[in-house]
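The values are calculated or read from the model by the stated rules, or taken from the named source; none is laboratory data. Keep in mind that what you see is a predicted model, and the values were worked out from it rather than measured. Counting neighbours? That spans all protein chains shown, and the Cβs are built from the backbone with ideal geometry, glycine included.
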């Protein structure tokens, strides 16, 4: 009976919650008897003889056919309290209860026990009465206790005697949706927690979603970043390349560009590597997913490495040039190959010592004391701490190039002292002192090398013409604009070297 | 082949041993050596005082300064020159890209050939 009432005013279908519902006119439905067998018996037996065939009886007939044969939809009616009054084949199939089992019995058994305990069925009925319908998406239960995800619609019958419920099994769709939702949640979690700036985009570069990291990094809001708005964070010089990279991206299904991205936190553009790939199986109009990785430090290091390599090569070649020149000069002043070998090797060692000091300081400024101590330690044979040698002067620094030249000069003085001078005999003494003065715009360190307790012999004469003498009296003035004086006094060598020094750093 | 014999030749090189070694060798080849000098200021002073050289050999790094002001003065005066440096040509500023470079340590024979080439040009 109830279904006839329902069917009287069918006007079409309504798409809702993934499936179509029949829709109804406001015309008052005419009462009709419904039996599950009616549709099968044919139209002559369908009518209970209350009159000629009218459009509304045809509608009823149509509806009964639909309801009866609808195996995908469970359709059943209940009275006010939920006792079933009809139960179609779809309901039999879906819930596993036969019509005979259900009609006259409580239809709420299709709800889960938890929902029944929570009073859901009654609440649904009251909602349907109040609003004219109650949509219902929840787990339902079959006769055998198994559960399925149901999408249901409950509507009151117009005569107020009860309700009709239409239910569809949506388990597959529900589980698919859950999977998609879980995948989406995983993507969002990943996309929002990696250090990269993640985005989704259309293949024309139009952003559809910027990750929170992007918003925080660039200071450009979600809405401002959409479409081509995100380009505002790209360095103006890189925007053209950023845009045109999309042309190639379409053919290769791969977007790649290196460009500078504005960092709001550091107030500078930083180099990023941006990649994007289309979602699998997508077309040209579909979404791509991309990441932007900060490669600024990497790039800077690479640039710096290139500079360092060039500088290293330069220093090596220069050093070889110096080695070559020392060899030629030493050769000129040597009487024999043995003498050459000895002197050349010692000079290379002195060069190597000062190179070690310079390398340690990364070719920055070097303290004068370090240079002098290194030479005297190497030659002094422990004399440095023995009281034979005295060193003293204020802290003062030399530029790397000056340090190298001066170290070679000190080496010549020390070698001479060990062979012929103060460090060659018991009573000999050596003092090396220095002071700093200002000469015009420059600061100058004046180093005094004084040997005593030496009886100068004819061997000193050789020294006068030697390489060491030339180095001190000619090379240092030439190379460092140093002023030098070298004299061979009766009790030992005196040498004064006035060399420009670097300005102390402010605050030192 | 063009030689340096009888030519006025400026040497700018701050490393004493290298400068005098080079100057001595060039003189042995018959060149009239101007300098050697070790700084930009000294080189510019020489160019001011004396008659212009026919050709010059320039070390690029002079202590803490670079020789480029001297190169500019020579270019302006139309004097050819060659660089002598531990640097690769790729670190050169653009205006000097076409200037020949002899790398250190010096290959005397090669330097002589390059000087001959720029003198003949």
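Some values worked out for this structure:
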quantity: Leading residue by the ranking (surrounded by the most Cβ atoms within 10 Å (Cβ to Cβ)) among those in the range A:349-363 that are within 13 Å of residue A:401 (Cα to Cα) and in contact (Cβ under 8 Å) with a residue 12 or more places away in the chain; calculated: A:354
quantity: For residue B:69: the one exception among (1) at pLDDT below 90; (2) away from chain A (no Cβ under 14 Å); (3) surrounded by fewer than 23 Cβ atoms within 10 Å (Cβ to Cβ); calculated: (1)
quantity: Any chance residue A:303 is away from every other protein chain (no Cβ under 14 Å), in a helix (DSSP H, G or I) and over 15 Å from residue B:21 (Cα atoms); calculated: no
quantity: Selection count, the range B:33-66, where residues are within 26 Å of residue B:2 (Cα to Cα) and assigned to a loop (DSSP other than H, G, I, E, B); calculated: 6
quantity: Any chance residue A:273 is under 22 Å from the mean Cα position of the chain (by Cα), in a strand (DSSP E or B) and modelled with pLDDT of 90 or more; calculated: yes
quantity: Yes/no for residue B:64 being at the interface with chain A (Cβ under 10 Å from one of its Cβ atoms), at pLDDT 85 or above and under 30 Å from residue A:501 (Cα atoms); calculated: no
quantity: All positions within the range B:94-108 that are within 14 Å of chain A (Cβ to nearest Cβ) and either assigned to a helix (DSSP H, G or I) or touching a helix residue (DSSP H, G or I) at 6+ places or on another chain (Cβ under 8 Å) (or both); calculated: B:101, B:102, B:103, B:104, B:105, B:106, B:108
quantity: Any chance residue B:10 is within 14 Å of chain A (Cβ to nearest Cβ), in a strand (DSSP E or B) and surrounded by 15 or more Cβ atoms within 10 Å (Cβ to Cβ); calculated: no
quantity: The listed residue being free of Cβ contacts under 8 Å to residues at least 60 places away in the same chain, assigned to a helix (DSSP H, G or I) and over 17 Å from residue A:287 (Cα atoms), out of A:184, A:175; calculated: A:175
quantity: Given (1) away from chain A (no Cβ under 14 Å); (2) surrounded by 18 or more Cβ atoms within 10 Å (Cβ to Cβ), number of the condition residue B:84 does not satisfy; calculated: (1)
quantity: Flag for residue B:82 being at pLDDT 85 or above, within 28 Å of residue A:477 (Cβ to Cβ) and in contact with a helix residue (DSSP H, G or I) (Cβ under 9 Å, 6 or more places away or on another chain); calculated: yes
quantity: Residue in the range A:251-258 that is assigned to a helix (DSSP H, G or I) and at negative phi present; calculated: yes
quantity: Within the range B:24-42, considering residues that are within 13 Å of chain A (Cβ to nearest Cβ) and buried (at least 16 other Cβ atoms within 10 Å of the Cβ), the one farthest from residue B:96 (Cα to Cα); calculated: B:25
quantity: Odd one out for residue B:19, checked against (1) modelled with pLDDT of 85 or more; (2) within 14 Å of another protein chain (Cβ to nearest Cβ); (3) surrounded by fewer than 22 Cβ atoms within 10 Å (Cβ to Cβ); calculated: (3)
quantity: Filtered residue count, the range A:194-215, keeping only those that are farther than 18 Å from residue A:254 by Cα and at pLDDT 90 or above; calculated: 7
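Residue by residue, here is whether (1) modelled with pLDDT of 85 or more; (2) over 30 Å from residue B:16 (Cβ atoms); (3) surrounded by 13 or more Cβ atoms within 10 Å (Cβ to Cβ); (4) away from chain B (no Cβ under 14 Å) holds:
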position	(1), (2), (3), (4)
A:257	yes, yes, yes, yes
A:261	yes, yes, yes, yes
A:295	yes, yes, yes, yes
A:312	no, no, no, no
A:318	no, no, yes, no
A:344	yes, no, yes, no
